[in-house]
Structures are given as structure tokens and as C-alpha cells.
There are 10 protein chains.
Amino acid sequence: MGELGRIEAGRGVVRAKRGKGISWAEIAAEVGRGKVWVTAALLGQHPVDRELAEQVGKLLGLDQEIVEALQLPPVRGAHVVDTTEPAVYRLEEMVQVYGSAIHELIREEFGDGIMSAIDFEMDFQRVADPKGDRVVITLNGKYLQYREF
Amino acid sequence: MGELGRIEAGRGVVRAKRGKGISWAEIAAEVGRGKVWVTAALLGQHPVDRELAEQVGKLLGLDQEIVEALQLPPVRGAHVVDTTEPAVYRLEEMVQVYGSAIHELIREEFGDGIMSAIDFEMDFQRVADPKGDRVVITLNGKYLQYREF
Amino acid sequence: MGELGRIEAGRGVVRAKRGKGISWAEIAAEVGRGKVWVTAALLGQHPVDRELAEQVGKLLGLDQEIVEALQLPPVRGAHVVDTTEPAVYRLEEMVQVYGSAIHELIREEFGDGIMSAIDFEMDFQRVADPKGDRVVITLNGKYLQYREF
Amino acid sequence: MGELGRIEAGRGVVRAKRGKGISWAEIAAEVGRGKVWVTAALLGQHPVDRELAEQVGKLLGLDQEIVEALQLPPVRGAHVVDTTEPAVYRLEEMVQVYGSAIHELIREEFGDGIMSAIDFEMDFQRVADPKGDRVVITLNGKYLQYREF
Amino acid sequence: MGELGRIEAGRGVVRAKRGKGISWAEIAAEVGRGKVWVTAALLGQHPVDRELAEQVGKLLGLDQEIVEALQLPPVRGAHVVDTTEPAVYRLEEMVQVYGSAIHELIREEFGDGIMSAIDFEMDFQRVADPKGDRVVITLNGKYLQYREF
Amino acid sequence: MGELGRIEAGRGVVRAKRGKGISWAEIAAEVGRGKVWVTAALLGQHPVDRELAEQVGKLLGLDQEIVEALQLPPVRGAHVVDTTEPAVYRLEEMVQVYGSAIHELIREEFGDGIMSAIDFEMDFQRVADPKGDRVVITLNGKYLQYREF
Amino acid sequence: MGELGRIEAGRGVVRAKRGKGISWAEIAAEVGRGKVWVTAALLGQHPVDRELAEQVGKLLGLDQEIVEALQLPPVRGAHVVDTTEPAVYRLEEMVQVYGSAIHELIREEFGDGIMSAIDFEMDFQRVADPKGDRVVITLNGKYLQYREF
Amino acid sequence: MGELGRIEAGRGVVRAKRGKGISWAEIAAEVGRGKVWVTAALLGQHPVDRELAEQVGKLLGLDQEIVEALQLPPVRGAHVVDTTEPAVYRLEEMVQVYGSAIHELIREEFGDGIMSAIDFEMDFQRVADPKGDRVVITLNGKYLQYREF
Amino acid sequence: MGELGRIEAGRGVVRAKRGKGISWAEIAAEVGRGKVWVTAALLGQHPVDRELAEQVGKLLGLDQEIVEALQLPPVRGAHVVDTTEPAVYRLEEMVQVYGSAIHELIREEFGDGIMSAIDFEMDFQRVADPKGDRVVITLNGKYLQYREF
Amino acid sequence: MGELGRIEAGRGVVRAKRGKGISWAEIAAEVGRGKVWVTAALLGQHPVDRELAEQVGKLLGLDQEIVEALQLPPVRGAHVVDTTEPAVYRLEEMVQVYGSAIHELIREEFGDGIMSAIDFEMDFQRVADPKGDRVVITLNGKYLQYREF
């Protein structure tokens, strides 16, 4: 029980994972969940139920205190990411450069609404390329329309 | 010539496009370029050469002043998007909730580096779904590794 | 056509409405839409189609330029409201004082998700009270659950 | 006595409540107060008198230190909520999109004034809906008029 | 009618007042209202009805355009004052140095509530003093208590 | 001696005062100083000499560590108050709504200068009123004129 | 009369001064005032009476519109200087590096108070030095003591 | 050795100095350095070598841990001063009100450059004055000219 | 004369240069100055004397109004660059990632001081590289040491 | 293992290095890496593998805990540098004054792209100069071109 929060539990997972030499993909395979979802969940951004917490605890040899903290509600406020970190900043820059175009295309192909960030999933792949391999991230969210009332 | 910048030229394109009832997809097909790229370019975030500017000018019946302004260098600073606009904000929230997970996965599957936002392309699709159609956006950037020197 | 945006069109509506001495409730009744929705729409935060724009234009005697501008896409970024204006600030303070409680209650009564601000409607009433009449605002949004993927 | 503040006491309540499997609604019923008010109060945003603190302490098996801290004055500054947390942010976005309309309607239906955030109460309900249940929140504040002097 | 807002109308009043050599106190006496209220109202922070606008217009020889603009709704957002201007900053510093003490005294002498800034009035006096005359400002607001619900 | 600062000492005073059930007014009477001044001083915003610290220490039964810390220099930076706390925010809003009027009145009745926030005193009173008692705060500062040189 | 403010009037003075090839020191000598004061006053930060405005107007051949605008009240808010401009930034850095030491020395040599920025004057000199001439600026403000009340 | 930084060492100096009743001027005289420099240095903004650290340590009876920490590199970032503290804020306001005039005078009397904040020294004096003693601070920095290249 | 500032003059240069198809390097060669310096100067960040302004005016066929505006004092505040523009942001990120290392190396190889940004020059080269050409920028500033006084 | 992060490990390296009297250049020579890279890496901004961590640990006599922490992933967010520290600020000011010129020159000599901050290296030299030695920093990054897609 005690004072550990989700962020601290996530750091504990990363530390144990490094010690064991196990990858996120292996954790995902082992617990039968998606790789991106399980990474986000173990870092603290999605709920982890008792069963999953215990599976991961056993796999990584986590302290019981961390296993308990993993079951706290997820944390998703601005403090959970450092947008000035260069790898994350490139995503921010993508929103900056393409945000207006995406908004135009949503309006044209769907209507007056948004891509949900809740009814949402994400895929992450390494794609081989002779000029240098590529990071390919797929964002997939339900279209939600503003309603008239 | 004149005082129009890229942002103003982009607004002129949007206005003319609405008047003509032509879609971004139709513009892209007409000029033989990708839909996302051409949308971003006409809004001002990518360079437009004389040939493209004149093709679009003819298609949408743009004033010559706008055709000229489209050929100015692109603008990509923070002012080109309003991240508090709800459709764009959902992208920001995606970075907030998944940014740390993406960073972990880049580190694990590639190494100490980033997904380039320059050697980068994006796809945008509407995907039919019985529970509500979905917006699917694919980010595709070259992996760049930090170097030791 | 021309240079008027939605904010300027909204100001034109407010000015004409004051001149005619017509209330938002009367506009809503006249055009057969909800009072809150039509107020937000005419201020610029919801789309107004040609039919509605022309109805309102006739009712308030708007210039054709404003009737056209009302049909532009809605604007919903942070600039559309001044949160430091005292009447609006009280809403901000309500979020400050009750936001954490609302989050707890959503989590408890629904699960890991949010109240949609898109599939959303609002009601506004004056309720008579011997100690001073009351403003009663009802927020009504669809519950959206985070998904596992 | 010691160093616990209201925020820490609120975290203690949430932790104990989770351990006991008791809901906010049950706590409210048990102590004979409103559900929203008691949730906000136990999180730290309203005063809790000795009687209430001891009732809740007994119900949840709280340490005496937490029972004492619950009786400190309430805390209501900006730090008591994280407005970037997605569930809370939707309320912020509601203020952004509808704040100007609410201000217009207060002015029209009441006059030059505000909805009090102090002489104020709030209701929270889950409303069943075949297309997905809805969160319904009612804001109810006394109208206060600016005075001439 | 036209494009003048309350801030611009206020500037017009200040300019005309300087030209005529009339003081705020004289304007207040002439129109039979309080000096602080009338100053704030003519600068744009309180509503001015037709009668008052026309009285002031006649007294100061204002253009009809300004007389009209004075009748627009008041503006009270953060932009209506420059808190870094040295005379205003001293008020900010007073809040900084004494705000916590005032909060303690309200809590002790009244209870869990605030001094209303709406049901509020202010007095401003010059008080002679052999060591240098003094500015004496009196703030007078109704106490509002948070309610339990 | 040790690590306590003025803010921590002030919290200790508030805690002890609550325990003893003594009011700020009683402390002020006991030590023969003004109520507002002594409240601000004990919270940390004015200097407290040895004699006063010991008087208050005896009255409230403070630890010697707090008695020592009370004698440290006062702290008056922005961190000593939370301007987003609702009771304090109403003072901020008063500056926002009336700051420009106060500046105009200082200029007119005194000249090119300010009300000192240093050669300054404040009074705080509860004034009975059949429509609800009122908080009356008097600000009294020496007028200081800008000099030509 | 018209729309020019003090900032614009100050720009007009700088432009005319450059055209005439007259220095600030010469203007100061001509009008019999201090060099720093007259520079700050003509840029807009101190009041300029009719006599001085007309003297300067004649000396620099200013338009009557600028002569009038110079007589408006001074402007001293944060917008009157760009603290990121490198020459001004060095002053900011001086406050950063020496501000705490100055505060300590005021407290030690005077007591609990401040150097007034209102009853204040400044001198500016070029001092020859074989290793490179030096800018010497003297700040001279009345000590003001906090009062007990 | 250990974890103390320069800021903490500076606090230790201030505490010990108060305990011993020794002034900054006396410390400066004792160690044969300038009063302003030595104050800034002991607060942490200038380097202190072993000899000086030990002299001061002996004079004030500092712990060896503080004597060691005084020898760490100086700290001069924005966190070393609180510019909202009223005594420091008056310096900020001086930059605000006179910064543009100083820039004009540097340009006129020296050329296109700045007053160095590095090759810089400062003097601090109390000057007796029948109307109230004055704080006189002299800033003395080498003029540096931008170069063409 | 007139209302053009340095920023506007710089835009005029860029526009004319594009029209003429002349490069910065050619302008620099033509006027006998360094390429980086002349680019910065014509954009507005360094002074341009009459001779240089007229040379450039003739070369690019600038309006006399722009030739005059180029001779105004340089502008170097934060507004002269958009640090969120991706090409500029990479420089910001370089300061973020290497700033602490540069500070360490200055301290070690020079002492307690800085690299001047005033007595400073910069070189910019394209360096061919089989893996992709490289941008090579050289920063060259005089070391300035803090002085003891 | 334990709780040390890269920043804390970097501070440990700096402390040990000072104790041993070893320079960054000597560390770099000893471990056979570049001086700037190794300084940045040991401060926490580049990855340090086991071999390098152990070499440095032996050279500086670091605790095993620090040797372990050095092998954690690098940290490169905004918190790793204090841009208000005067030595670092001069780099910020260089970006401010020359950023627009660099952008123009990249565009002219390369095209529509950036200098990579990832495929990047830096050199740092002290260059003797009779008028005062100079800091010479070379930035060397691969040119990356935006792609059309």
C-alpha cells in the first residue's frame, strides 16, 4: 500500500525491466495485450487490474508495493510527459505543422467534429527501409460529431 | 508583390475552395500530389512552386495576388495552429497520454534517437466502422540516431 | 464573402439584436432551435447553415456580408472566450473547486473515462427563488470509456 | 495533529475508501449529506466539522491523524485540480465553447451580474441512454447583480 | 453605432474631459452618481444607460458615436487594466502582502466564505496629513458564505 | 534555530491558535498591536521582534523553534499568497475592475504618483447589514509623487 | 488631439531628433532639465507640460499633433520596454545577480523597507577608461520604511 | 562535502551572521574586499576561494560543511532572486520605467552596444538627507560594442 | 522617413532579393562584407549606414522608403525571431542539450565568465559529405571574466 | 541501482572531478572520446555504456551507485539546463539575434529544411587572441530536407 503513485510504479517497472532484459513487446506477448497499450498502462496512463499487475509483478520480479501501486487509477495530466524532450518534441512539432491540415481534412471527410482521444488506439512499428528504417505510428480514433440541441 | 503572406494565401484557398465546392482530395488528384501534403502546403506549411501555384490558381479561380503569395517560403511556427481548438487539442492530448510510451518504444526498438519530423510523411483515412467511422492517421518518420563524436 | 470571420459576424448579430430588441429566446423560438445552442452558434461556436443564416438575417435585418460570414466553419479555440471576465470566471472557479470531485464521481459511477464535450448539450434556466433567483445550467454529455487495445 | 494538510487527508480518504470498497454515494448516505458536496469536502474543498470527520473516520477506518487533518480549513486554489487531466479538461473546454453564450444569456435573462460560485450547489447523475449512458451535471448558483454606488 | 467599443469610448471621455477641464468629481456631481462608480462606468467597467450617456455626452461635448458606444455592455476582463503600471501595481502588491491576512480574518470573523466583488462598492478619498497627504480607499463587499448541499 | 522559515512559523501559529481557540483580535489586544498588522506579521509578512515573538509564544504555547523563526526577516514575495484561492481572487478582481478608475482618481486628485504600499496601513471590519453583513477593508497609503530631476 | 499616444509621440521625437542631428544632452541643455529625466519624459515615461512640449516642438520641428500627444499622461507599464533587447537585458541580469545582495544591504543599513522607485532619480555618465570606456549609472531613491499599524 | 549548494551555504552565512551580530560591511572590512561584492559572493553569486571561505568560516563560526559549499561554483540563474519581493521589485520597475531611456543614451553617447554585466561593478551607499535618507546604488559596466564581421 | 521599421525593411529586402534572384552571398560580395553579418544586418539585427543602405538599394532596386528604414537602429529583442519555427528550434534544442556542457567547459578552460554575444562573430558554411551535406556554424565570442570589486 | 537519476549522477561526477583535480579534457583523453561529447554525456545528456561508466568510475573514484546511474537513459528535456544562467543565456541571445539569418542562409544554400540536432556534433576551443582569448564553438549538423509526399 503506502505512498507510491502510478508514476513511481512506472519507474519501478522500467528499472526492473532493464534489470531483467525483457522488452515491452515480450511483456505484451506474455500478458496477451497490445504492445503500445501495455507500455502506456505500465508507465501509468491506463488502468491495470489485479490480474495484470500480478502477472507483470511475477514476470519482472516487482516488489509487492509496486504491484499494489500499479492498481491505482491512471494518471494522464500534463505532468506525465516532458514535451521538451527531443523525441517527444517531434510529435509536438508534427501537431504544429500538420494540425491545421488534419482539422481541414476531418471537416471535409467527416463533418463538424473530432477524432476521439478516448475511443482511440495506437500502433507502433519499425519499418525497414534501405535509406534508414522508419518509425510508423498509427493513430485510430472514433469520429465524434458535435450535436445540435 | 503585395502584402499577402502564406497564412492569408491559405485562407484565400479555403474560401475559393468552399465557393467552388471542390475537395482537398480533388485538388490533390488534379495536381497529382498527396492529399495531406497538398492540404498542408496550401494552408502554408510546405513550399509551393510556380507550377503548382498556377495549377491551383486556375482550378480554384484564385486572384494572381494569392497565386504569388503561395510561392513564398512556408511558415511552420507555433502560430500556424491553434492547439486549443478542440479537434487539434485531441492530438495534443494523444501526445500527453502516449508520448512517454512512444519514447520508451523508440528507445527499445531503435535506440537512442528520434522519429524525424522532417523526413516525415503522414496519411489520413476515413475507415468505416459499424460502431461509428474512424479517423486513421499514420505518422511515418525516419529514425535518426544521436551520434557520438 | 469578404474578410468577416465568425467572431465579427457574432458581434454583428449581437449589435443587430440589441437594435431590434429581440431576445436569444425569441430568436431560438423563431428558428425552431434550442436557446443555448442557437446563442452559441450565432456567437460563432457552432456551424450555421444557409437556411438558418438567412432566417436570422431576415429576422434581425443583417447585412448580406454577415449572413455569409455566419456560414463559415465554427471557431472554438481559447480566444473565443475571456476566462478572466467575472461572469465566465465563476465557471472556471467551479471547475477548480469541483473538478476533482467530478472526476472521482465519473470514475466511480461510470469507470475509466470522461463526459464528452462533443456529444454534449447544455440547458440554461432562470429559477425563481424567494432568496434571490438562481441560474441553473445543466451539462449533459455522453460517457466515453477509454479502450484497451 | 502533525503535518498532514487537506490534500493529503483527501488522498487518505480515497485510499481507505478503495480498501473498504465503499462508494461516495454510500458515504453520503451514511453521513446524511449530498453526494457531490461530501465528495468535494472529503477531497479538501469544503469544511468538515468534528462530527463529520469522526463519522467518516469510523466508516472508513481512518487514522486519527487523517481525522484531525480533515478538520483543517478547506483548500480551493488552482493547485487542487489538474485541468490538463482529460476528464477535467472536458469541463474546461465546455467553458471555452459555451462561456460566451452563458454570459450573453445571464445578461439577457437576469441583467448585469454573475452566477455565484459561492452560493452554489451542484448535482451529478448517471442517466441511462440506449446510445450510451450520459453524465448529467447541474450547476445551480444564485444570481448576483453588480450594484451602482 | 459603428465599431467603437467601451474601451475606446472611455478613452474618448478621458480626452474630452481633459479638453473641457472638468473633473471626475464634477461629472459625478452633475449626474448625481458616486465618483468612483461613475469613473469606472465611464472607463467601461459598469453599464451606462441612455440617460446617463446623454447627460455625459452633453456635459463633455462627446460625439454621438461615443454616446452610443457608452451604452454597450461593460467590459471587465483582465485586459481592462495594466497591472504592471506602477500605480496599479501597488494594489497588486497590497493583495500579495495582505491577502493571506485578509483571508484569515474573513474566516475568523465571518466563516467559510468571501467578500463579494459584485455586491461591492468602493470609496476613494484624499486625506490631509502633515507628513504627506494620504490616499484612502474603502472596499465594502457583502459577505457570502459557501453553502452545504 | 534550525530550518524553519517564516511561512512555516506562520503555519505553526495558525495551528496553535486553532488549538487554543484564541482569535487574531484577542492576540492583537493581548500584545497591544493592530489586528490586521499582527495577523500579517504572524503569517510572515512583517518583522516580529524578540519581545513580540516571546509574548505570542507564551500566549499560544509555541515551541521555542517557532518563537525563533518568527524573528527571521519577513517574506513578501508572490509565493506568500495564492491569488487563485477564491477569497483572495475577489481582491484581484477588484483590482481588475477598479484599477483604472483608481489610477484616474489618483492622477486627478493628487497628481503624477502612486499610493505607497510601504507607508501603508489597512483596516478590516465586519459591518452589520440587514441584507447580509459586509466586509469593509480600508486601504490607507501615503501619496508619493514622481519627481523631476 | 487625435489618436497619437505617448509611445507614438516618443517615436516621433526620436525620428525628428535623428533628422536634426540633435542629442538628448543638447535637448536637455536647451530646455534646462536633466538629461536622463528629459530622455525618459520624451519617450513617454514622465509627464511633459505644455511649455516643455512646445519648447521641444520648436527645437525639433515637431508636428503640432506630436506636441499635443506629448502632453498626455505618462505611460509606465511593462509594454514600454523590451526587456529581451540585449542592452536592456543586461540591466535585468544585474537585478538577477545582485538583487539579493541589495536587499540584504538595504535591510542591514536602513531596516525593513525599500528604495523608492517614485521619489527616485537617475544619473548616466560615460567614464573614460584606458581599458575601454565605462557606462556609469547612478540610482538614487528615498528609503521608505514599512510601518507598524 | 555532501549535498549543500551555494544557496544553502548563503543561508547558513546569513543565519550565522545574525547570530554573531556582524554586518556585511564588517565582514568586507575583515576580509579586505568590497561590501557589495562580498555580500553577493557569500549569498552565492560570485566565486569564493578557499582562503576567503576559511576567513569567513572563522569569523562567523561556520560549520566546515558550509565552508566547503562556499567554494562551489557561483549560481546566477533566475532562481537566485525573487523579483516579486517588494524591495527587489523596485529595481525591476526602474528597468521598466528607465530601460528605454538608458538604451537611447548608450546608443547616443557610446554607439551600437551595451553596458557589460560581467565586466561590471556596483556600489551601495546610504546618503543622509533631511527629507529622508536615500539609497544610492552605482552601476559601473564596461561599454561593449557590437562588431561587424 | 515614414512608418517602416527595420523588420518591415528586412521583409522588403527579402522580397526584392527573391525578385532579382540574387543570393545573400552575392550581396555580401557586392558590398564587401561578411555573409552572415550582412544577412543579419539586412534582416534588421545590425546597423546599416547610409553607404551600405544605398549600395543594397541600388543592387536590389529598393524603394527609397526602404533604403531610409534600413538606416534606423537595429532591433534585437525576442520578437525578431520565432524560436518555434523548426529550423530555429533546432538551435534552441542544441542550447538545451549542450548548454550545461558548454558552461562546464568555459569554466574549466577559461574561468568564471562567459562567451560574449556582443564581441562576437559567426560563420556559416555548407560542407559536402557523402552521407548528406552538413550545415557548419561557427560561434566565436570573446571570453569575458567576472571581476571582483 | 537505487534512486539516483542521470542529473544526480552528473553532479556526482562534477564533485568527484573537482576533488581529484582532473579536467574534462583529461577524462576525454583517458577514455578515448571527444571532449564535448564526454562532458555532455557525463552531465546526463548522452548515453553512457557500462564500459565507459566503469572507466570513469575508476578514474574519478565514483561510488558504485553513481556508476550504475550513469548507465540510465540520457535526459534532454528543458530542465537539464538553466537558460537564465548568464553563460548559457549568451547562447540564447545568439539564437535570438542570428536565428533569422541562419534560417535565411539554410534556405538559400540548402533548401527547405533544417540543420539536424540529432545527427549533430559540436567542437569547443579556446583560441588565443591578443585582445582577449576567444571561445570558439562549432556546430555541425546534417542538413535534412522536408519531403513531399
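Miscellaneous remarks
- For the stretch A:49-65, filtering for residues that are in contact (Cβ under 8 Å) with a residue 24 or more places away in the chain, part of a loop (DSSP other than H, G, I, E, B) and closer than 24 Å to D:Arg11 by Cβ leaves 2.
- Test: C:Ala9 is crowded, with 23+ Cβ neighbours inside 10 Å, more than 25 Å from D:Leu144 (Cα to Cα) and more than 14 Å from the chain's Cα centre (by Cα): yes
- Options J:Leu43, J:Leu52: the member that is away from chain A (no Cβ under 13 Å), under 30 Å from G:Met94 (Cβ atoms), crowded, with 18+ Cβ neighbours inside 10 Å and of a type in the set (A, V, I, L, M, F, W, C): J:Leu43
- Filter pass, D:Val14 being assigned to a helix (DSSP H, G or I), of a type in the set (A, V, I, L, M) and surrounded by fewer than 21 Cβ atoms within 10 Å (Cβ to Cβ): yes
- Among the candidates A:Met115, A:Met122, residue that is part of a strand (DSSP E or B), touching a residue at least 40 places away in the same chain (Cβ under 8 Å) and among the hydrophobic types (A, V, I, L, M, F, W, C): A:Met122
- From H:Gly99, H:Gly113, residue being small (Gly, Ala, Ser) and surrounded by fewer than 22 Cβ atoms within 10 Å (Cβ to Cβ): H:Gly113
- Checked against (1) touching a Pro at 6+ places or on another chain (Cβ under 6 Å); (2) under 29 Å from I:Gly77 (Cβ atoms), G:Asp112 passes all but condition (2).
- Hits in the stretch H:77-92 (condition: outside any loop (DSSP other than H, G, I, E, B) and either under 24 Å from J:Glu92 (Cα atoms) or assigned by TED's automatic domain parsing to the domain that holds H:Gly10 (or both)): H:Ala78, H:His79, H:Val80, H:Leu91, H:Glu92
- Count - residues of the stretch H:17-33 that are more than 13 Å from chain G (Cβ to nearest Cβ) and small (Gly, Ala, Ser): 3
- Among residues of the stretch H:20-33, those that are assigned to a helix (DSSP H, G or I) and in contact (Cβ under 8 Å) with a residue 24 or more places away in the chain, counted: 4
- Only residues that are among the β-branched types (Val, Ile, Thr) and crowded, with 20+ Cβ neighbours inside 10 Å were counted in the stretch I:55-87, giving 5.
- Residue match in the stretch A:98-110 (condition: out of contact with any helix residue (DSSP H, G or I) (no Cβ under 6 Å at 6 or more places or on another chain), facing another protein chain (nearest Cβ under 7 Å) and either modelled with pLDDT under 95 or in a loop (DSSP other than H, G, I, E, B) (or both)): yes
- C:Glu68 being more than 23 Å from A:Glu108 (Cβ to Cβ), at pLDDT 95 or above and in a helix (DSSP H, G or I): no
- Just one residue in the set A:Val88, A:Val95, A:Val80, A:Val36 is in contact with a helix residue (DSSP H, G or I) (Cβ under 7 Å, 6 or more places away or on another chain), away from chain C (no Cβ under 11 Å) and in contact (Cβ under 8 Å) with a residue 12 or more places away in the chain; that residue is A:Val80.
- Leading residue by the ranking (surrounded by the most Cβ atoms within 10 Å (Cβ to Cβ)) among those in the stretch G:17-39 that are under 13 Å from the mean Cα position of the chain (by Cα) and among the β-branched types (Val, Ile, Thr): G:Thr39
- When residues of the stretch I:124-149 are limited to those that are away from chain H (no Cβ under 12 Å) and β-branched (Val, Ile, Thr), the one farthest from H:Asp119 (Cα to Cα): I:Val127
- Matching entry among I:Leu72, I:Leu42, I:Leu91 (being over 14 Å from the mean Cα position of the chain (by Cα) and not charged (D, E, K, R)): I:Leu72
The values are calculated or read from the model by the stated rules, or taken from the named source; none is laboratory data. These figures come from a predicted structure and were not determined experimentally. Backbone-built Cβ (ideal geometry, glycine too); neighbour counts: all protein chains shown.
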